[in-house]
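Accompanying notes for the structure given below.
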There are 2 protein chains.
Amino acid sequence: MNKKVSIKDIAQSVGVSTALVSYVLNNKEKEARVGKEIAQVIRDTAAEMGYQPNQIAKSLKTGKSHTFGLIVADISNPFFANLARNVEDEAKNFNYTVIFASADESPKKSQNLINILTERQVDGFIIAPAENSQDQIASILKSNIPLVLIDRYFKELETNYVVTNNYDASYNAVSHLIKAGHKNIGMIAYRTDLVHMLDRRRGYMDALKDNKQLKAKTPLIKTVDFDFTQDDVEAGIKELLTRNPSMDALFFATNTLTLKGLKALNNLNCKVPDDIAVVCFDESEAFDFFYSPLTYIEQPLLEMGKKAVQILIKNITDKKSANTQLSIPSRLVVRQSCGSGDR
Amino acid sequence: MNKKVSIKDIAQSVGVSTALVSYVLNNKEKEARVGKEIAQVIRDTAAEMGYQPNQIAKSLKTGKSHTFGLIVADISNPFFANLARNVEDEAKNFNYTVIFASADESPKKSQNLINILTERQVDGFIIAPAENSQDQIASILKSNIPLVLIDRYFKELETNYVVTNNYDASYNAVSHLIKAGHKNIGMIAYRTDLVHMLDRRRGYMDALKDNKQLKAKTPLIKTVDFDFTQDDVEAGIKELLTRNPSMDALFFATNTLTLKGLKALNNLNCKVPDDIAVVCFDESEAFDFFYSPLTYIEQPLLEMGKKAVQILIKNITDKKSANTQLSIPSRLVVRQSCGSGDR
DNA sequence: GTTTTCTTGTTAAACGATTAAGCATATATT
DNA sequence: AATATATGCTTAATCGTTTAACAAGAAAAC
């Protein structure tokens, strides 16, 4: 029972060929010169029979699935969850369905997801690429599947991408700390060669340099792995404090680093901003509730999501279209975690 | 160029029929009595040519897409984002791909998503149903598509579902407040008839009743719409305080209500827990950073996600299997927002 | 009164797989 | 030696669409 109704059923019921039904239901009556009355009859019985087109069959025939894959590090990370939501909404505007997947910064998982999605014939990819996934990305490029990188990209690869201006954002944030009078600014970052992280480090370094604050031989940066724990950050901060006991500010490179970092600071009995001032990348609901509301870098998630989709669709529609490389500025939201310089 | 390699290409290259290739590549050599040597040749050239099966074609033929839809209210809400991640992981264990979608608590959007996903031939649904979506759910049931409701369900519908025990969790949370000595406990909830919310209200009411705390003719509950603003909550709290100036505790029914609620309390200069104690449903990173770390109800997201997938798969595999209705207990995480009773 | 041109359809191949059924040969059984 | 069974592979239909190519009757053109 409850067999789904197909175009054939409608054709039979109306007494015409399936071709006619297909034309009508795809609004190709004009091109196919279908009679006005019969078109209406077809439409009516289709509605009456509760016809729902089989997209799978459609896709097989047309070679377009009207679907694309969004691969991020972790959909449960608020940064990616918000990005995903924006991507979802914009995709719907173009009648596209998106399949999300989490690669956990692992090239192995990433490759696996790419395979699965490719087999499902996605029309394109939006990917926040994991470290060491250049080859995978390159091979997507080679197989001519439309692709937009997001959040990060690879310098050596000619691709579309949409990122925030990590360098400027970091430069500004650290400059802000300097203007607030801090003289020994440390940084906690991820141990990775992904450009977004390198850019954030460069921004930090250059801000120090340009303000003649680069004293130590080794920069006051501590990195942790992607799967870091609370203890790792705490140890990191401790180490920085050992290397430079007069460290008076910290720049955190992401939201997750910040969250654990703040707890670490609490454990270490460091007061923000009096003992240590804080600025961080990304936002979090939590930042509002920290006793000293955090000054943070707000990424343009809505625009990034929208643009990524638009570029992807353009690429799907016209595979020969030139690459678009977008770097959208972030905004420094100044609150109270930097001390006197705030406000 | 770069045409995808199909089973036909392999067949041609090896010099056999497509049937043989299909059998081998699906590990049906035994049943199909394929020669050992030729099987190996087929496998090798398939690998060599970089064959990737076209799942679309496979789906069309087999009628199984190995895909299911997950419809939640909003994927950017941490509650749903975490749930989604757990669903994704468990689905992968069964080699299923999941398509997420956000319905924003709107029956209209929900119906639209159901249609889209049905046309895409998903093998099943996991849905956190929106209000007034009974008909949609019923029609999924009628068309015999496997379905598991999550987070909420409809009393009048015989479906699979996986929820937390909202009644008990609320009852316990409010009892905890009472034990802590609070005598005028208010509640902020959503204005909806969805069972999960009604159960949370019942839990609240019964806890008060059982402790002889139900004095006012109208319960000290204020509800807001799903698309509430910060101001709505603030107005709500104010109203409760007007109705009962000695209100000394608040029970928030969800994470989003709590987040705005805490800001409202700040605006109103209410100190937690001294002026107003607080307990809330769901968790949030933010709760750790509130000056008085919140006591909250931790939902069993991992288990809910896993179980929902398992039940769905069981239902897909055996459409005649009986409905499973799971109510998994939540845990009250006691911290400092309830005053003396904590610890 | 042919021929041409519209109109309004139909036919059938194709997309890339799966799989029941069939067809040779070779080997085993009696 | 005749029959039965195994073995190894092919044929062809099918899933639900799309769409180029063709057909046939009516109207228009000459």
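The values are calculated or read from the model by the stated rules, or taken from the named source; none is laboratory data. What you see is a predicted model; the values in this text were computed from it and never measured. Virtual Cβ from ideal backbone geometry, glycine too; neighbours counted across all protein chains shown. Note: accessible area is taken over every heavy atom of the protein model, side chains too, but ligands, DNA and RNA are not part of it. Shrake-Rupley method; radii C 1.70, N 1.55, O 1.52, S 1.80 Å.
Within the option set B:Lys306, B:Lys319, being open to solvent by 50 Å² or more (accessible area, probe 1.4 Å), over 16 Å from the mean Cα position of the chain (by Cα) and of a type in the set (D, E, K, R) holds for one residue only, B:Lys319. Scanning segment B:64-108 for residues that are within 9 Å of chain A (Cβ to nearest Cβ) and of a type in the set (Gly, Ala, Ser) gives B:Ser65, B:Ser76, B:Ala81, B:Ala84, B:Ala101, B:Ser102. Among the residues of segment B:238-260, those identified as of a type in the set (S, T, N, Q), under 31 Å from the mean Cα position of the chain (by Cα) and assigned to a helix (DSSP H, G or I) are B:Asn255, B:Thr256, B:Thr258. If I filter segment A:24-44 for residues that are within 16 Å of DNA strand C (Cβ to nearest atom) and facing chain B (nearest Cβ under 8 Å), do I get at least one hit? No, segment A:24-44 contains no residue that is within 16 Å of DNA strand C (Cβ to nearest atom) and facing chain B (nearest Cβ under 8 Å).
For B:Lys58, the test of being within 7 Å of DNA strand C (Cβ to nearest atom), more than 25 Å from B:Gly124 (Cβ to Cβ) and within 41 Å of the chain's Cα centre (by Cα) is failed. When A:Gln111 is tested against (1) within 13 Å of chain B (Cβ to nearest Cβ); (2) closer than 30 Å to A:Glu283 by Cβ; (3) more than 12 Å from the chain's Cα centre (by Cα), just one condition goes unmet, and that condition is (2). Selection within segment A:263-277: residues that are away from every other protein chain (no Cβ under 12 Å) and touching a residue at least 40 places away in the same chain (Cβ under 8 Å). The member of this set that is most open to solvent (accessible area, probe 1.4 Å) is A:Asp274.
For B:Thr159, the conditions (1) open to solvent by 40 Å² or more (accessible area, probe 1.4 Å); (2) out of contact with any Ser or Thr (no Cβ under 9 Å at 6 or more places or on another chain); (3) assigned by TED's automatic domain parsing to the domain that holds B:Leu113 all hold with the exception of (1). For A:Ser65, the conditions (1) in contact (Cβ under 8 Å) with a residue 24 or more places away in the chain; (2) within 16 Å of DNA strand C (Cβ to nearest atom); (3) surrounded by fewer than 18 Cβ atoms within 10 Å (Cβ to Cβ) are fulfilled apart from (3).
This table checks each residue for (1) assigned by TED's automatic domain parsing to the domain that holds A:Ala180; (2) of a type in the set (S, T, N, Q); (3) at pLDDT below 95; (4) in contact with a strand residue (DSSP E or B) (Cβ under 8 Å, 6 or more places away or on another chain).
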{"position": "A:Asp282", "(1), (2), (3), (4)": "yes, no, no, yes"}
{"position": "A:Pro293", "(1), (2), (3), (4)": "yes, no, yes, no"}
{"position": "A:Lys307", "(1), (2), (3), (4)": "no, no, no, yes"}
{"position": "A:Asn315", "(1), (2), (3), (4)": "no, yes, no, yes"}
{"position": "A:Asp318", "(1), (2), (3), (4)": "no, no, yes, no"}
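Taken over segment A:278-300, residues that are more than 9 Å from every other protein chain (Cβ to nearest Cβ) and either of a type in the set (Phe, Trp, Tyr) or on the phi < 0 side of the Ramachandran plot (or both) amount to 14.
When B:Ser175, B:Ser143 are checked against the criterion of being of a type in the set (S, T, N, Q) and within 14 Å of chain A (Cβ to nearest Cβ), B:Ser143 stands alone in meeting it. Pairs are defined by a Cβ separation below 7 Å, a sequence spacing of at least 6 or placement on different chains, a first member in segment B:31-51 that is in the same structural domain as B:Val21 (by TED's automatic domain parsing), and a second member that is open to solvent by 80 Å² or more (accessible area, probe 1.4 Å) and within 12 Å of DNA strand C (Cβ to nearest atom); the pairs so defined are B:Ala32/B:Tyr23; B:Val34/B:Tyr23.
Just a yes or no: is a residue in segment A:92-106 open to solvent by less than 40 Å² (accessible area, probe 1.4 Å), more than 16 Å from A:Val309 (Cβ to Cβ) and more than 14 Å from the chain's Cα centre (by Cα)? Among the residues of segment A:92-106, at least one is open to solvent by less than 40 Å² (accessible area, probe 1.4 Å), more than 16 Å from A:Val309 (Cβ to Cβ) and more than 14 Å from the chain's Cα centre (by Cα), which makes the answer yes.
Residues in segment A:222-251 that are of a type in the set (Phe, Trp, Tyr) and open to solvent by less than 20 Å² (accessible area, probe 1.4 Å): how many? Before the answer, list the steps.
First, the residues of segment A:222-251 that are of a type in the set (Phe, Trp, Tyr): A:226, A:228, A:251.
Within this subset, residues satisfying the condition of being open to solvent by less than 20 Å² (accessible area, probe 1.4 Å) are A:251.
Here the count works out to 1.
Please list, ordered by residue number, the strands (runs of 3 or more DSSP E) wholly in segment B:141-227 having 1 or more residues that are touching a residue at least 60 places away in the same chain (Cβ under 8 Å) and more than 25 Å from B:Val333 (Cα to Cα).
Working: elements: B:147-150, B:160-164, B:185-190, B:221-224.
In segment B:141-227, the matching strands (runs of 3 or more DSSP E) lie at B:147-150, B:160-164.
Of all residues in segment A:65-78, exactly one satisfies the criterion of being within 13 Å of DNA strand D (Cβ to nearest atom) and either in contact with a Cys (Cβ under 9 Å, 6 or more places away or on another chain) or over 14 Å from B:Ala57 (Cβ atoms) (or both), namely A:His66. Only one of the numbered conditions (1) more than 11 Å from DNA strand C (Cβ to nearest atom); (2) more than 10 Å from chain B (Cβ to nearest Cβ) is violated by A:Lys8, and that is (1).
Residues that are more than 30 Å from B:Asn93 (Cα to Cα), assigned by TED's automatic domain parsing to the domain that holds A:Phe125 and away from DNA strand C (no atom under 16 Å from the Cβ): does segment A:69-79 have at least one? Write out each step before concluding.
To start, the set of residues in segment A:69-79 that are more than 30 Å from B:Asn93 (Cα to Cα) comprises none.
Scanning segment A:69-79 turns up no residue that is more than 30 Å from B:Asn93 (Cα to Cα), assigned by TED's automatic domain parsing to the domain that holds A:Phe125 and away from DNA strand C (no atom under 16 Å from the Cβ).
Within segment A:99-118, residues that are among the hydroxyl-bearing types (Ser, Thr, Tyr) have Cβ atoms under 7 Å from residues that are assigned to a strand (DSSP E or B) in these pairs: A:Ser102/A:Val72; A:Ser110/A:Ile71, counting only partners at least 6 apart in sequence or on another chain. Counting only residues that are within 13 Å of A:Ile7 (Cβ to Cβ) and within 13 Å of DNA strand D (Cβ to nearest atom), segment A:18-49 holds 12 of them. Residues of segment A:155-185 that are over 19 Å from A:Phe79 (Cα atoms) and of a type in the set (Ser, Thr, Tyr): A:Thr159, A:Tyr171, A:Ser175.
Within segment B:11-26, residues that are open to solvent by 50 Å² or more (accessible area, probe 1.4 Å) sit with their Cβ atoms under 6 Å from residues that are among the charged types (D, E, K, R) and in a helix (DSSP H, G or I), at 6+ positions apart or across chains, in these pairs: B:Thr18/B:Lys8.
Is it the case, given these coordinates, that A:Ala47 is away from DNA strand C (no atom under 16 Å from the Cβ), more than 11 Å from every other protein chain (Cβ to nearest Cβ) and hydrophobic (A, V, I, L, M, F, W, C)? Yes, satisfied.
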